[in-house]
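Read the structure below first, then the notes.
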Amino acid sequence: MPDPERAPSAERVVKAVEEVGKKAALEAEKVGVRQLRRWQWKAAGVGVAVMAGFAFVFLHSCSALISIPTLPGPVSGVQELPPALRSAASCDRPDPAGAVDKCVIAAGQPLLAGGVAGERELDCYLQVESPDQVKATIRRWRAAGAKVLSDGSVFVAIGPSDNVWYADTRSGLELETGTFAGAAAARTFVTRAGLV
């Protein structure tokens, strides 16, 4: 005769059946969700393909009516130059991907009259920087021993090599020139060019 303590009680049998039923229901639900997800992905893929096709047809048929803007390159500081300097300088960007413009003022230009640049053309380098970078540049120029001519929203100084340093904190324009015939010649250029 079986041992009554080892025999399964009705409660134990019911609990075991409930557990098996729960596991079976969870497995069935997982299979159903997987099937649903596959169907959803297929539908989404078809929807995206159809929308892309419509967009292509629309843009292709309306290409004469719309112009797709190009991304702007690095900002040029030439427009920020004072008018006298901008009209006298011939500027270009040696590295199209770079941020520095190189400008050349021919030896015969009125800005250089009287031999202020030693009867030769003058190179200038300019770029537009963020306000923090402009402030850092001004600190670096001061530390290099600049003779400050203007120190407000516009910083103008003569460097140790008798070159001109100019920074406009409002526009972010930084300008650095080549060497002049001396500090007095550099001051003359600053006045003629409208930098102060």
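The values are calculated or read from the model by the stated rules, or taken from the named source; none is laboratory data. Since we're looking at a predicted model, the values are computed, not measured. Backbone-built Cβ (ideal geometry, glycine too); neighbour counts: all protein chains shown. To get the accessible areas, we keep the full protein, side chains included, count just its heavy atoms, and leave off ligands, DNA and RNA. Shrake-Rupley method; radii C 1.70, N 1.55, O 1.52, S 1.80 Å.
Here are the numbers for the structure shown:
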read-out: Residue, least open to solvent (accessible area, probe 1.4 Å), within region 103-112, restricted to residues that are more than 23 Å from residue 170 (Cβ to Cβ) and without any contact (Cβ under 8 Å) to a residue 40 or more places away in the chain; value: 105
read-out: Extreme residue, farthest from residue 193 (Cα to Cα), among residues of region 134-155 that are among the polar types (S, T, N, Q) and without any contact (Cβ under 8 Å) to a residue 40 or more places away in the chain; value: 137
read-out: Filter result (part of a helix (DSSP H, G or I) and either under 15 Å from residue 173 (Cβ atoms) or in contact with a strand residue (DSSP E or B) (Cβ under 7 Å, 6 or more places away or on another chain) (or both)) within region 137-161; value: 137, 138, 141
read-out: Candidates 125, 166, filtered to the one that is aromatic (Phe, Trp, Tyr) and open to solvent by 60 Å² or more (accessible area, probe 1.4 Å); value: 125
read-out: Residues of region 130-154 satisfying the condition of being of a type in the set (A, V, I, L, M, F, W, C), out of contact with any Leu (no Cβ under 9 Å at 6 or more places or on another chain) and open to solvent by less than 60 Å² (accessible area, probe 1.4 Å); value: 136, 138, 141, 144, 146
read-out: Residues that are open to solvent by 10 Å² or more (accessible area, probe 1.4 Å) and under 32 Å from the mean Cα position of the chain (by Cα), drawn from region 180-196; value: 194, 196
read-out: Among the residues listed as 66, 158, the single one being modelled with pLDDT of 95 or more and either over 23 Å from the mean Cα position of the chain (by Cα) or under 22 Å from residue 193 (Cα atoms) (or both); value: 158
